[in-house]
Amino acid sequence: MTIAQNLGDILARIDAARKAAIQPAPATRLVAVSKTVDQDGIREALAAGQTLFGENRVQEAQGKFPALKNEHPDLELHLIGPLQTNKVKEAAALFDVIQTLDRAKLADALAVERQKSGRCPRLLLQVNTGEEPQKAGVLPGEAAALIAHARKLELPLEGLMCIPPADDDAAPHFAFLAKLARDHGLAQLSIGMSGDFELAVKFGATHVRVGTAIFGARS
Ligand SMILES: *Cc1c(COP(=O)(O)O)cnc(C)c1O
């Protein structure tokens, strides 16, 4: 299967899952996760019509995407990995959306950067729904306070994102995040990866983040 065939297959499966869902989101967008994929692989996806990409490291994305964004002005890039405050300036310059806001300090740094440069990517808050110590994301019990903090700073907070524990059934995590988003009036929900994006659609995903099912296994 080529990248173009994989993309076609996944888009068709998203479409079918949306048709079967009782209450799908108004739209479900495919974020092609291109971490470790070289520019040629990304160009193949662009040639097939994919314009939305996700990367988990600022530095890797800086090496690949400025040129690709020049070639494709409609390319949209999301940061889906943890962000350190000392990389906020670079991230704000390159990414259209940061899906991994997870602490007050980072919200503060984004607000400062917006004041300095006028730039602030749209934001999703990452929630550590499995309360895994090694994983990024705000703990569920602290999410409301962080949402309030981001709103007080008037940051463009649009939704929530989570990565369920690898060995868990993802459904309760997706359901929890969907309810948290509803309770706080947040429209966007970034859930679902290669193994469970159809399930995520059922729970109202506005974004699914798919890597290996598009580009193949990462070495
Ligand atoms: C790598 C990654 C994905 C994609 O995972 P696949 O299983 O390859 O689809 C999705 N979300 C995040 C945050 C990732 O780091």
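The values are calculated or read from the model by the stated rules, or taken from the named source; none is laboratory data. For clarity, every value in this text was computed on a predicted model and none was experimentally measured. Positions of Cβ are generated from backbone atoms using ideal geometry, with glycine treated the same way; all protein chains shown enter the neighbour counts. Areas reflect the complete protein model, heavy atoms only, side chains present, ligands, DNA and RNA absent. Shrake-Rupley method; radii C 1.70, N 1.55, O 1.52, S 1.80 Å.
Note on the chain: Rg/Rh from Cα positions, Kirkwood definition for Rh, rounded to two decimals, is 0.95. Distance between the 7 Å Cα→Cβ label points at ASP183 and ALA20: 3.0 nm.
Taking the protein heavy atoms of the chain in the context of the full set of protein chains, the accessible area attributed to carbon and sulfur is 50 percent at 1.4 Å. Site pair ARG13 and GLN134 shows an inter-label distance of 2.6 nm when each label is modelled 7 Å from Cα along Cα→Cβ. Here's the picture: charge each Lys and Arg Cβ at +1 and each Asp and Glu Cβ at -1 in the chain, and of ALA213, GLN134, ILE10 the one pushed furthest to the positive end of that dipole is GLN134. Here the chain is treated with +1 on each Lys and Arg Cβ and -1 on each Asp and Glu Cβ, and its dipole about the Cα centre works out to around 520 debye.
Modelled label positions at THR85 and SER117, each set 7 Å beyond Cα in the direction of Cβ, lie 1.7 nm from each other. A Förster distance of 35 Å, applied to the separation of the beta-carbon atoms of GLU142 and THR2, puts the FRET efficiency at 0.20. At an R0 of 22 angstrom, the distance between the Cβ atoms of GLU71 and ASP96 translates into a FRET efficiency of 0.85. May I ask you to work out the translational diffusion coefficient for the stretch 130-219 at 37 °C, viscosity 0.692 mPa s, via Stokes-Einstein with Rh from the Kirkwood sum over Cα pairs, reported in whole µm²/s? Rounded, D is 235 µm²/s. Measuring against 27 Å, Cα to Cα, the residue pairs LYS87/LYS135; LYS64/LYS116; LYS69/LYS179; LYS152/LYS202; LYS116/LYS152 contain LYS69/LYS179; LYS152/LYS202 as the ones spanning a longer distance.
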